[in-house]
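Scroll down for the structure; my scribbles are underneath it.
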Ligand SMILES: [Zn+2]
């Protein structure tokens, strides 16, 4: 049995901090990473092995991207409208309101880009590619066993 320790932003072995670590981010890829300081392997649960964990079908639903864009648009209209209103009527604006408007605008753009990627099939192709890479990794039985030993529900065919 080879139990691997998990990271929570720093290496569980040498304790060095990973500078670009963002706890709330997530991506597809192997959760087994190697520390660039001490070269020991650790598990990063932010990375998801598609062949084992699957992926969320709803991420390919264009309605979900439109919802994100819509929420951004509403936020932008409210915060942006309020900011424009105070500028024109009172000659000043609240920084927080302006920032909220900019943030909402960015959310709207992210939603629109996601919608386009779903509609053109670019997102699907990207996920298919990552899925193939994931399956290739799992064909290495040693790797599949290692994931299974560390609590991953690895499909029988890989073991
Ligand atoms: Zn380390």
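The values are calculated or read from the model by the stated rules, or taken from the named source; none is laboratory data. This one's a predicted model, so the numbers in the text were calculated from it and none came from an experiment. Using ideal geometry, Cβ is built from the backbone for each residue, glycine included, and neighbour counts are taken over all protein chains shown.
Observations on the structure shown:
- Count of segment 136-159 residues which are out of contact with any helix residue (DSSP H, G or I) (no Cβ under 7 Å at 6 or more places or on another chain), closer than 15 Å to residue 44 by Cα and assigned to a loop (DSSP other than H, G, I, E, B): 2
- One residue from 24, 65, 59 being closer than 20 Å to residue 114 by Cβ, at pLDDT below 95 and in a helix (DSSP H, G or I): 59
- Filter result for the condition that a residue is under 30 Å from residue 10 (Cβ atoms), surrounded by fewer than 16 Cβ atoms within 10 Å (Cβ to Cβ) and away from the ligand (no atom under 16 Å from the Cβ), over 61, 56: 56
- Meets criteria (modelled with pLDDT of 95 or more, closer than 19 Å to residue 130 by Cα and within 16 Å of the ligand (Cβ to nearest atom)) for residue 50: no
- Extreme residue, nearest to the chain's Cα centre (by Cα), among residues of segment 1-25 that are closer than 23 Å to residue 134 by Cβ and surrounded by 11 or more Cβ atoms within 10 Å (Cβ to Cβ): 21
- Residue in segment 34-51 that is within 13 Å of residue 143 (Cα to Cα) and part of a loop (DSSP other than H, G, I, E, B) present: yes
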